[in-house]
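So the structure is just underneath, and the comments pick up after that.
The values are calculated or read from the model by the stated rules, or taken from the named source; none is laboratory data. Just so it is clear, the model here is predicted, and its values are computed rather than measured. SASA here: full protein model, heavy atoms, side chains in, ligands and nucleic acids out. Shrake-Rupley method; radii C 1.70, N 1.55, O 1.52, S 1.80 Å.
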Amino acid sequence: MSAPLLQRPRDVAPAPAVGRLEHPHQLAERDRRHAHPLAPPSYAERSVPDLVTRASHWTTPAGGTVLAAHSQGSVIAAAAVWQLRDRKRVCLVTYGSPLQRLYARYFPAYFADTTLSGLAADVLSWRNLWRMTDPIGGPVDLPGAPLSNLACDDPQSFLPREGDPSYPPIG
């Protein structure tokens, strides 16, 4: 008689009902272990606190910190910046950011325009790079917020053009 390979023990209670989120990064880690007993822990559980610790250490009265984040990393960077005490010494650079295109649309309680405008006002500067052909990332259009969006052109090719030096040989 064969039995299923993975089976929930009978003495384990079902997953608790969805509760209130305390921090935006909890969206990335929500219910992951409830979906499957062998699911790995979310990277947001560790990456956001680690980034807060490192950025706090790097951000001193003598100098600031530049946080550069791509795609989902821009959500983690935003969650980390929201937890920093000295945000005015942080410059945020995002590229391919889904903050407004996806997160503001599907999680408006945490990533509404007013919340993102507050983030833009709290940091020293915020530059967002995006491409028209990016299906996930995009501009972060916040009227009146101190944020600059830079639309980048797609590369014509990833190979060197005629007359350009080629890549150096390996070895």
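Within the accessible surface of the range 83-124, defined with a 1.4 Å probe on protein heavy atoms only, the carbon and sulfur portion equals 55 percent. Scalar couplings 3J(HN,Hα) for the range 114-122, obtained by applying the Karplus form with A = 6.51, B = -1.76, C = 1.60 to θ = phi - 60°, are 5, 5, 5, 5, x, 5, 4, 6, 7 Hz; x denotes Gly and Pro. Measuring between their Cα centroids, the range 92-107 and the range 37-80 lie 16 Å from each other.
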